[in-house]
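K.L.:
Here it is: the structure, laid out below.
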Amino acid sequence: MLHLPILVAAGGINSAGKTSNRQAFKRMVIDALESTEQKQTREALAAIMGTSDTAAQDAGTLIRTIESSHFDPRAVPWARRVTTQNALTADMAPTQIAEGLSPEWMPSPGEGKRTSLTLKAGTELLLPGTRDFEISAAGLLPTGFDPGTLYGSRNHPRALQMTVFAASDALADLGIDWTEVEARVPADAISVYVSSSMGQLDESGTGGMLRGRALGKRVTSKQCPLGFAEMPGDFINAYVLGSMGSTGPALGACATFLYNLRLAVQDIRSGKARVAVVGAAEAPVVAEVMEGYAAMGALASDKALRALDGLPEDVRPDARRACRPFGENCGFTMSESAQIMVLFDDDLALELGAPTLAAIPDVYVSADGPKKSISGPGVGNYVTFAKSAALLKNLLGDRRFASGGVVQAHGTSTPQNRVTESQIMSEVAVALGVEQWTVGAIKSFIGHSLGAAAGDQLSAMLGVWETGLMPGITTLDGVAADVATDRLAFPLSTQNVESPDYALINSKGFGGNNATAAVLGPDVTRELLAKHHGGRKLAEWGRAHENVQIQRKNVESARLQGEWTPQYRFNDGVLEPSDVTVDSDQITLGDRRIDLSITTPEDWRL
């Protein structure tokens, strides 16, 4: 066995639409698609958004003005601190009195069962109000799409609702019934590494827990547990797959998806797992979260965008052009996304006729070392990017490596990123003999989804391989003068590209969290499989794959007809201690078995 990690399915949801069948990618390049593909993409958007109006589809996808479903950027709640000049009276219910009062408040009987309070002059109060938020653009899920309505979401935080949809979308993209996968591999040979970089910070999660009492609300029993950052993976294990295999996802700021991908790749390469589910989910379009990033100067504010475009103060900037990677820019644009991918080892992929979307030989991670600013870029990304490129050169040989690759850059749209990341890409390209790398920066379409960002990049790369189109950085008038361009091409419009042999997926995260994935394209992947397993084995895979493709198309047809119920199994198939049998050589859990024939290195034994 090669123990080669094969990417067999990709599912998810971001501001461009759903990931399966590369529909979100096709929304980014829709004007360059043939008419049939355009029609299919519109149909997929109509099914998600509930509208066949193409104008509404265009306006209700990608980066745009923040919608009231999240918050009104012109009227964000803001409590102003004031001090009373005179004594005031207020009316409260007895239950509120029982919870305790400030010693400066003087209660007295009020009308009926109410209690009257007198507040002394000089009492400090918070006065509810609103203010105009400094940021008005974000990458929101398509207008009209609410993942929580598709299943019994029970007040789940938004990122967990998105996770349930994304995991089900990945299973649909796989085209193989999950029970068949479970029947072919041991129960402990399935790994799940899915997380959020920041946790669930909306009202149903940690955010609601932290601000509940300050807003006069009760904290619920769900807000604390559902707010944990690893909860997306926990939901997949418990409610989608019922997995008993390895878990324990990683956190790495904006590199979180690639950190989880590295764990999956390591499991499959070592033989620890035969299947790995990997991903990240982030729902950070929350006023309080965005205000934190704005305070750092990290987000593209309306004021800064107006300055770039020479607009007067009373004009709102074009939200569509808020994110401008590698151009004259002023900060990144927050977005939401959940991206889940499934990897098989090469033997299992061939045996089941699974899609061979790509192969991922390795993912490299490195810290920055000493830093001046915890949020500023450092040198660690040189290490991850150069290692990944060197691995691909070793696998493909000098000629194919020099002419056959592309980069999906982190490309956040900050001035520091455009300089540092372009320098890294250029210097590595020169050092390793690359003729030219075409650089993609899809955040210009969908924004920055923090921990899920590299999942957006990798899913877009799958679209490049399927369509032969590389999205341009269409929000730019031109590349900024301080961007390194030696051996790099930054297309400003969608380009036709021959199927690249490989791609580099790059991430640079706050705190010095750097990661780069080396990814082999589908043609090269099948070349490797044929070389190792032989032509007859690949032909057998091809015949099995035909049935898988039929199943994928059937699922997509059902979705276009409105059947969106995700796989969500609450309190289904729960095992009790009586269902478990432990023998000397195995554990039996219901109808699943786990082998206890565990070996250790000879020189470890006493």
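K.L.:
Restricting to the stretch 557-577, what's the tally of residues that are closer than 16 Å to residue 21 by Cα and aromatic (Phe, Trp, Tyr)?
P.N.:
Final tally of qualifying residues: 1.
K.L.:
Is it the case that some residue within the stretch 165-186 is without any contact (Cβ under 8 Å) to a residue 60 or more places away in the chain, under 19 Å from the mean Cα position of the chain (by Cα) and buried (at least 18 other Cβ atoms within 10 Å of the Cβ)?
P.N.:
No, that holds for no residue.
K.L.:
Criterion first (touching a residue at least 12 places away in the same chain (Cβ under 8 Å), loosely packed, with under 12 Cβ neighbours inside 10 Å and either among the charged types (D, E, K, R) or in contact with a helix residue (DSSP H, G or I) (Cβ under 7 Å, 6 or more places away or on another chain) (or both)) does residue 113 satisfy it?
P.N.:
When the stated conditions are applied, residue 113 passes them.
K.L.:
Which condition number in (1) buried (at least 24 other Cβ atoms within 10 Å of the Cβ); (2) assigned to a loop (DSSP other than H, G, I, E, B); (3) under 21 Å from the mean Cα position of the chain (by Cα) is the one that residue 138 fails?
P.N.:
(2)
K.L.:
Considering only residues of the stretch 37-94 that are part of a strand (DSSP E or B), surrounded by 15 or more Cβ atoms within 10 Å (Cβ to Cβ) and in contact with a Gly (Cβ under 7 Å, 6 or more places away or on another chain), which is modelled with the highest pLDDT?
P.N.:
It comes out as 63.
K.L.:
In addition: How about the stretch 228-252: which of its residues are aliphatic (A, V, I, L, M), touching a helix residue (DSSP H, G or I) at 6+ places or on another chain (Cβ under 9 Å) and open to solvent by 30 Å² or more (accessible area, probe 1.4 Å)?
P.N.:
Answer for the stretch 228-252, where residues must be aliphatic (A, V, I, L, M), touching a helix residue (DSSP H, G or I) at 6+ places or on another chain (Cβ under 9 Å) and open to solvent by 30 Å² or more (accessible area, probe 1.4 Å): 244, 251.
K.L.:
Among residues belonging to the stretch 492-515 that are within 16 Å of residue 413 (Cβ to Cβ) and either at pLDDT 95 or above or assigned to a strand (DSSP E or B) (or both), point out the one that is most open to solvent (accessible area, probe 1.4 Å).
P.N.:
The selected residue is 492.
K.L.:
What single numbered condition from (1) open to solvent by 80 Å² or more (accessible area, probe 1.4 Å); (2) in contact (Cβ under 8 Å) with a residue 60 or more places away in the chain; (3) in a helix (DSSP H, G or I) fails to hold for residue 565?
P.N.:
With (1) open to solvent by 80 Å² or more (accessible area, probe 1.4 Å); (2) in contact (Cβ under 8 Å) with a residue 60 or more places away in the chain; (3) in a helix (DSSP H, G or I) applied to residue 565, the lone miss is (3).
K.L.:
Looking only at the stretch 544-562, count how many residues are hydrophobic (A, V, I, L, M, F, W, C), touching a helix residue (DSSP H, G or I) at 6+ places or on another chain (Cβ under 9 Å) and under 20 Å from residue 351 (Cα atoms).
P.N.:
2
K.L.:
Next up: Any residue at all in the stretch 179-192 that is in contact with a helix residue (DSSP H, G or I) (Cβ under 6 Å, 6 or more places away or on another chain) and part of a helix (DSSP H, G or I)?
P.N.:
No, there is no match, as no residue in the stretch 179-192 is in contact with a helix residue (DSSP H, G or I) (Cβ under 6 Å, 6 or more places away or on another chain) and part of a helix (DSSP H, G or I).
K.L.:
Do we find that residue 328 is open to solvent by 10 Å² or more (accessible area, probe 1.4 Å) and not in a strand (DSSP E or B) in this structure?
P.N.:
In short, yes.
K.L.:
Right, another one. Specify which of the listed residues (436, 423) is open to solvent by 10 Å² or more (accessible area, probe 1.4 Å) and within 19 Å of residue 365 (Cα to Cα).
P.N.:
Only one candidate passes the filter, namely 423.
K.L.:
Please find, within the stretch 197-219, the residue that is nearest to residue 256 (Cα to Cα) out of those that are open to solvent by 70 Å² or more (accessible area, probe 1.4 Å) and either part of a helix (DSSP H, G or I) or among the β-branched types (Val, Ile, Thr) (or both).
P.N.:
210
K.L.:
Please enumerate the residues belonging to the stretch 334-353 that are assigned to a loop (DSSP other than H, G, I, E, B) and buried (at least 24 other Cβ atoms within 10 Å of the Cβ).
P.N.:
Those that are assigned to a loop (DSSP other than H, G, I, E, B) and buried (at least 24 other Cβ atoms within 10 Å of the Cβ): 336, 345.
K.L.:
For the stretch 220-257, which residues satisfy the criterion of being farther than 23 Å from residue 507 by Cβ, of a type outside the set (A, V, I, L, M) and assigned to a helix (DSSP H, G or I)?
P.N.:
223, 224, 225, 234, 235, 237, 239
K.L.:
Still on this model: Any idea which of 452, 460 is farther than 14 Å from residue 504 by Cα, open to solvent by less than 10 Å² (accessible area, probe 1.4 Å) and either of a type outside the set (D, E, K, R) or at pLDDT below 95 (or both)?
P.N.:
Checking each option against the conditions leaves just 452.
K.L.:
Something else: With the structure loaded, tell me whether residue 489 is open to solvent by 10 Å² or more (accessible area, probe 1.4 Å), free of Cβ contacts under 8 Å to residues at least 24 places away in the same chain and not β-branched (Val, Ile, Thr) or whether it fails that test.
P.N.:
Taking the combined requirement at face value, the residue does not satisfy it.
The values are calculated or read from the model by the stated rules, or taken from the named source; none is laboratory data. Everything quoted here is computed from the prediction, not taken from an experiment. Note that we place each Cβ from the backbone using ideal geometry, even for glycine, and neighbour counts take in every protein chain shown. For accessibility, only protein heavy atoms count, side chains too; no ligands or nucleic acids. Shrake-Rupley method; radii C 1.70, N 1.55, O 1.52, S 1.80 Å.
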